[in-house]
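The values are calculated or read from the model by the stated rules, or taken from the named source; none is laboratory data. The shown structure was predicted, so the numbers you read here are calculated from the model rather than taken from an experiment. Positions of Cβ are backbone-derived with ideal geometry, glycine not excepted, and every protein chain shown enters the neighbour counts. What goes into the accessible areas is simple: the full protein's heavy atoms, side chains included, and nothing from ligands, DNA or RNA. Shrake-Rupley method; radii C 1.70, N 1.55, O 1.52, S 1.80 Å.
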Amino acid sequence: MEWLQQLFNGISLGSIYALIALGYTMVYGIIKLINFAHGEVFMIGSFTGFYAIAFWGLGFFPALILSMAVCAVFGVLIERVAYKRLRDSTRIAALITAIGVSLLIQYVVIYIRGAQPEAYPNVLPNRSFDVFGVQISSQSLLILVVSVVLMIVLQFIVHRTKIGKAMRAVSYDPDAAKLMGINVNNTISATFAIGSALAGAAGVIFGVYYTKIDPLMGVIPGLKAFIAAVLGGIGIIPGAVIGGFVLGIVETVVSALGFSLWRDAAAFIILILILIFRPSGIFGKNSKEKV
Amino acid sequence: MLKKVSTFWLAIVLAFVFYGVVQLLILNGFLNPFYTNTLIFICINIILAVSLHLVIGITGQFSIGHAGFLALGAYISAIMTMKLDMPFSFALFAGGIVAALAGLVVGIPSLRLRGDYLAIATLGFAEIIRIIFLNIDYVGGAAGMQVTHATTWTTSFLCLILTIVVIVNFTNSRHGRACISIRENEIAADAMGINTTYYKVAAFVIGSFFAGIAGGLYAHNFYIIQPANFGFLKSFDILILVVLGGLGSLSGAVISAILLTVVSTFLQELPETRMIIYSLVLVLVMLYRPQGLMGTREITDYFGNWKWKRVKGGNQYGG
Amino acid sequence: MEARPILHVSQVGINFGGLKAVDGFNLKLYPGGLIGLIGPNGAGKTTVFNLLTGVYTPTEGDIVFNGERINGLAPYKVTRKGISRTFQNVRLFNEQSVLDNVKVAYHSLASHSIFSSIFRLRSHFIGEKEMEAKALAFLRIFQLDKVKDEKAKNLPYGGQRRLEIARALAAGPKLLLLDEPAAGMNPQETKDLMELISFIREQFNLTILLIEHDMKLVMGICERISVLDHGLLIAEGTPNEVQNHPKVIEAYLGEEVVSSHA
Ligand SMILES: Nc1ncnc2c1ncn2[C@@H]1O[C@H](COP(=O)(O)OP(=O)(O)OP(=O)(O)O)[C@@H](O)[C@H]1O
Ligand SMILES: [Mg+2]
């Protein structure tokens, strides 16, 4: 039963990773950029939710929607201001810029409000159910449901809507997509908007679940989510979700075995192993560079 | 050829004259400990910048985990002096060697990776190294380790000169050209008979060795080292030196190391402002001047140009 | 055609995720030959080069060079065995000088160690001096000595193509693979290039395998020609035989072959 409990905790953590990982994977799929600042979008989302709940008295869902909206705009802004000019430059230049943007956001937030953490208000009723000996709080159940719903909505957007088709076309071949009359710029912006909104949602969920947030909170979950995306095969949407859950479970298991200080190392070891032995991830296809 | 050799010795002599003057000023008390410390810091940062320049700027392998090697050098050298009572010079060397071995370990598997994947892997390696120190009680875990003050202007300067001489000499040889060709076009380099694996690992090993030396100097310049000193932000601090200087320019790395060390000394009391400035500089450089201050040129190129023009204008056989 | 072949390719093939880019490819090259490899766009010509040079490992078949099986060997090892190449889309070391581009190709012919270079031992100076002299001699042959200090990327297109050939030759090959060396050149440049190819072939005792789209050019200088289409070898023979081969005419229907034949 203890194990079932850990499994459930792992899935809860994994759903947060998965939500963030989706943004990484979508952006990477479309412009081949590791958007380092994605973890900061997640942080901004969490703070937006915090202010909305604590100061404006919004409920969980309005706060969630608001923070998704704010993050969508913020993500597009980052793309337009920083990344757009870099589309034809080297990948290294783009990566360096992304690292710079990430740090810039962190320290501007610290500059404005200080580095002290904030305690997330309790917005959700908290009752515990006992299912087969596993303690499941209503809170974590709700969070899990919200995450899964968002993932399903995303799946619908990507496969059933016009913008989703455009996104897939651009990530497959931007030049061809352009020739087909797809507005590549808008499609890229839409990708950032959707990915960032998901990160915003993850931010609020994280706050409610772990109750403590701070301006540097995006760094580690951001990296972990990136690892999840690589694990599932970067650019592949279901891969990011599975990768997120796998990573969440692995981390919880490592902690449960008494190695909680090594939890972060576990994620990086997974990353390095996967990069070395199967760089295209669990679901990716190996491809050879054309010469 | 002869000319090149003599320029080399001229530079060495000038460097030692500079060293002597500073040493005199320190001995006479003209330079207070604050300035001396800044000079030591400049030396350490130049060593870090130049060693990373070999990996990123020359060989084109995008490593963002340089702080991991710095940490290894710092801890190993501190263990040598504090726990095993070894002399400082030996400790420095040992730190360099262990970091170089780690460079080998990181370099070999990383070879299958390119560009941003390699970057993430190096970041992961650096984090793993940090987490390992965090979990070893022998070196104090998160609380860190006390280290005596042993780094002087003389040791830092000697290490700096050694670093620059080794890396310049490496770069200006068939080995350096091989590394640059990998940066320029790995597939073509391979097709020209360059063992790209070997040279990528060599660049990692040499770069890590000097990062390790810098770690020893760094550890013995503070009174305490902690795993938190060697996180991603430290790697970023080193990365910005190389990027700002111009990927591929050693003198650019040196200049930006001097510049940014001075800037951050002034901003010591305002760490947030410093980070904002650093990250803004990095973004702006990438957006508006991706070649950095110097591009792939060296200071000596300007010097060479100037000489060339003069010779052309005047007596061709005179100089 | 009495000697043993310098290169013997038998039944070589490779897949890219279901696509058979090259299938059952056969080729025999004899020392000193100049052989053409032609075929419509996407036929698999460049892929053949990539297979020969170790960039891709064949999923089937054998490549024997100088009596030695070389499939699966790393590209740099293949080069050291004596096969070197140029690329369809020029791949120079752009930021390096013209001279350094050639010196890189000389790399494996020198032997001074990293240690000797770092500490500037005698062997370093001897080795570097020799490399410099050889590289300069090479540039002279290709009339690139005047621009030796220019960055490779600053050369005009024709110069870049020539530098790429010079560089490939500097690696000391017995077999030279040229991937569309005349692409993008004007007729005069093409003519000069052809003379250069004939010249280096004599001078360096080379065997040459040439991919070229310009039919006149291939028909003019190659002794034998192999024709690929959709990854399959559809014809092989003298220029005349190939030109009249029905499958070739079909593959190139409406293209140059038909018209230039008339
Ligand atoms: N690394 C790769 N991954 C997937 N497909 C590839 C790869 N390399 C080549 N191909 C495919 O193999 C086929 C043959 O390509 P190749 O470049 O050999 O043609 P080619 O005859 O050189 O054509 P061209 O005249 O246009 O240069 C093409 O369909 C190409 O898309
Ligand atoms: Mg081709």
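Observations, loosely collected:
- No other residue among C:VAL64, C:VAL48 is within 13 Å of ligand 1 (Cβ to nearest atom) and within 22 Å of B:MET192 (Cα to Cα) apart from C:VAL48.
Matching residues to (1) in a helix (DSSP H, G or I); (2) in contact with a Leu (Cβ under 8 Å, 6 or more places away or on another chain); (3) over 18 Å from B:ALA67 (Cβ atoms):
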residue: B:ASP116; (1), (2), (3): yes, yes, yes
residue: B:ALA121; (1), (2), (3): yes, yes, no
residue: B:ILE128; (1), (2), (3): yes, no, no
residue: B:ALA150; (1), (2), (3): no, no, yes
residue: B:THR155; (1), (2), (3): yes, yes, yes
residue: B:VAL166; (1), (2), (3): yes, no, yes
residue: B:THR197; (1), (2), (3): yes, yes, yes
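- The single condition from (1) modelled with pLDDT under 90; (2) within 16 Å of ligand 2 (Cβ to nearest atom); (3) out of contact with any Lys or Arg (no Cβ under 9 Å at 6 or more places or on another chain); (4) closer than 20 Å to B:ALA188 by Cα that C:MET215 fails is (4).
- Among the candidates C:SER123, C:SER116, C:SER111, residue that is touching a His at 6+ places or on another chain (Cβ under 7 Å), away from ligand 2 (no atom under 16 Å from the Cβ) and either facing chain B (nearest Cβ under 10 Å) or farther than 26 Å from B:VAL168 by Cα (or both): C:SER116
- Residue check, B:TYR223 more than 10 Å from chain C (Cβ to nearest Cβ), farther than 19 Å from B:GLY96 by Cα, surrounded by fewer than 24 Cβ atoms within 10 Å (Cβ to Cβ) and hydroxyl-bearing (Ser, Thr, Tyr): yes
- Residue satisfying all of: in the stretch B:6-42; free of Cβ contacts under 8 Å to residues at least 12 places away in the same chain and of a type in the set (Gly, Ala, Ser); surrounded by the fewest Cβ atoms within 10 Å (Cβ to Cβ) among these: B:GLY29
- Subset of the stretch B:173-190 [open to solvent by less than 20 Å² (accessible area, probe 1.4 Å) and in contact with a Gly (Cβ under 9 Å, 6 or more places away or on another chain)]: B:SER173, B:CYS179, B:ILE182
- Residue, farthest from the other protein chains (Cβ to nearest Cβ), within the stretch C:31-43, restricted to residues that are open to solvent by less than 10 Å² (accessible area, probe 1.4 Å) and within 13 Å of ligand 2 (Cβ to nearest atom): C:ILE38
- In the stretch C:127-184, residue surrounded by the most Cβ atoms within 10 Å (Cβ to Cβ) [restricted to those that are within 16 Å of ligand 2 (Cβ to nearest atom) and more than 10 Å from chain B (Cβ to nearest Cβ)]: C:PRO181
- For the residues A:ILE65, A:ILE99, A:ILE78, A:ILE112, the requirement of being within 14 Å of another protein chain (Cβ to nearest Cβ) and open to solvent by 50 Å² or more (accessible area, probe 1.4 Å) singles out A:ILE112.
- In summary, C:VAL55 fulfils each of the numbered conditions (1) more than 20 Å from C:CYS222 (Cβ to Cβ); (2) away from ligand 2 (no atom under 16 Å from the Cβ); (3) touching a helix residue (DSSP H, G or I) at 6+ places or on another chain (Cβ under 7 Å) with the single exception of condition (2).
- Residue list for the stretch C:1-30, filter: away from ligand 2 (no atom under 16 Å from the Cβ) and within 14 Å of chain A (Cβ to nearest Cβ): C:ASN15, C:GLY17, C:GLY18
- Restricted to the stretch A:107-193, the set of helices (runs of 4 or more DSSP H) holding at least 2 residues that are within 18 Å of A:PHE206 (Cβ to Cβ) comprises A:138-160.
- Of all residue pairs spaced 6 or more apart or on separate chains, those with beta-carbon atoms under 9 Å, a first member in the stretch A:83-95 that is in contact (Cβ under 8 Å) with a residue 12 or more places away in the chain and a second member that is among the acidic types (Asp, Glu) are A:ARG91/B:ASP116; A:ALA94/B:ASP116; A:LEU95/B:ASP116.
- Screening B:GLY115 against (1) surrounded by fewer than 24 Cβ atoms within 10 Å (Cβ to Cβ); (2) within 29 Å of B:PHE41 (Cβ to Cβ) leaves a single unmet condition, (2).
- Check on C:GLN203, assigned by TED's automatic domain parsing to the domain that holds C:VAL64 and away from ligand 1 (no atom under 16 Å from the Cβ): yes
- Qualifying positions in the stretch B:92-112 - surrounded by fewer than 23 Cβ atoms within 10 Å (Cβ to Cβ) and either of a type in the set (Val, Ile, Thr) or more than 8 Å from chain A (Cβ to nearest Cβ) (or both): B:PHE93, B:ALA94, B:ILE97, B:VAL98, B:LEU101, B:LEU104, B:VAL105, B:ILE108, B:LEU111
- Of the residues making up the stretch B:160-172, those that are within 14 Å of the chain's Cα centre (by Cα) and open to solvent by 20 Å² or more (accessible area, probe 1.4 Å) number 5.
- Selected residue [open to solvent by 20 Å² or more (accessible area, probe 1.4 Å) and either at pLDDT below 90 or under 12 Å from the mean Cα position of the chain (by Cα) (or both)] from A:ILE16, A:ILE44, A:ILE92: A:ILE92
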